[in-house]
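Colleague: My questions all concern the structure below.
Derivation of every value follows stated rules applied to the coordinates shown; laboratory data play no part. None of these values were measured; they are calculated from a predicted model. Neighbour counts are summed over all protein chains in view; Cβ atoms, including those assigned to glycine, are modelled from backbone coordinates with ideal geometry.
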Ligand code: AMP
Ligand code: ZN
């Protein structure tokens, strides 16, 4: 499978993993767009939001809760943070494995 985030989840390529459980991997974005820029991915390959089905509901809900937990445990929850799913070309989506961005560490401007 030529999916870069599957390779990160399988440890076939290096990434700065900051948390992991049976279902998800959390790692630092290689090109951070804020002082804190994390990516949350399911270990099993899922496509982007526009490919999701009802059967994926629980995993996607848990992905969001994972982001909340990591935000709380890393002390950024109080100042605030932003969660983003990019979908398609106009959003600049590059990777076709479902991923949730967490941005924090400074007051964030809404992009475009
Ligand atoms: P998106 O534009 O929503 O598809 O986001 C993909 C993100 O993955 C971008 O912010 C990239 O900087 C990030 N990225 C790509 N390759 C890697 C990698 N090997 N390790 C960490 N982050 C990566
Ligand atoms: Zn994948």
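Colleague: Where the convex hull is taken over the Cα atoms of the chain, what is its projected area averaged over directions, in nm²?
Modeller: Details: hull surface 29.2 nm².
Across all orientations, the chain yields a mean hull projection of 7.3 nm².
Colleague: Run lengths n ≥ 4 of DSSP H only: what is the helix-derived mean residue ellipticity at 222 nm for the chain, with -39500 (n - 2.57) per run over all residues, to the nearest 500?
Modeller: Per the formula, -6500 deg cm²/dmol.
Colleague: Roughly how far apart, in whole Å, are the Cα centres of the range 68-94 and the range 3-37?
Modeller: If we compute the Cα centre of each part, the gap is 14 Å.
Colleague: Suppose the chain between residue 18 and residue 69 were pulled fully straight at 0.36 nm per residue; how much longer would it get relative to their current alpha carbon spacing?
Modeller: Result for the pair: 17.1 nm of gain on full extension.
Colleague: In degrees between 0 and 90, to the nearest 10, how far off the longest principal axis of the chain does helix 57-73 point, with axes built from Cα atoms?
Modeller: Tilt relative to the chain: about 30 degrees.
Colleague: Oh, and also: With r as the distance between the Cβ atoms of residue 3 and residue 59 and R0 = 22 Å, compute the FRET efficiency 1/(1 + (r/R0)^6) and round to 0.05.
Modeller: Computed FRET efficiency for residue 59 and residue 3 comes out at 0.85.
Colleague: Please report, in whole Å, how far the alpha carbons of the range 15-67 spread along each principal axis, starting with the longest.
Modeller: On the principal axes, the range 15-67 reaches 34, 24, 18 Å in Cα extent.
Colleague: Among 104-111, 11-18, how do they line up from the highest to the lowest mean number of other beta-carbon atoms within 10 Å?
Modeller: With the highest mean Cβ count within 10 Å placed first, the list reads 11-18, 104-111.
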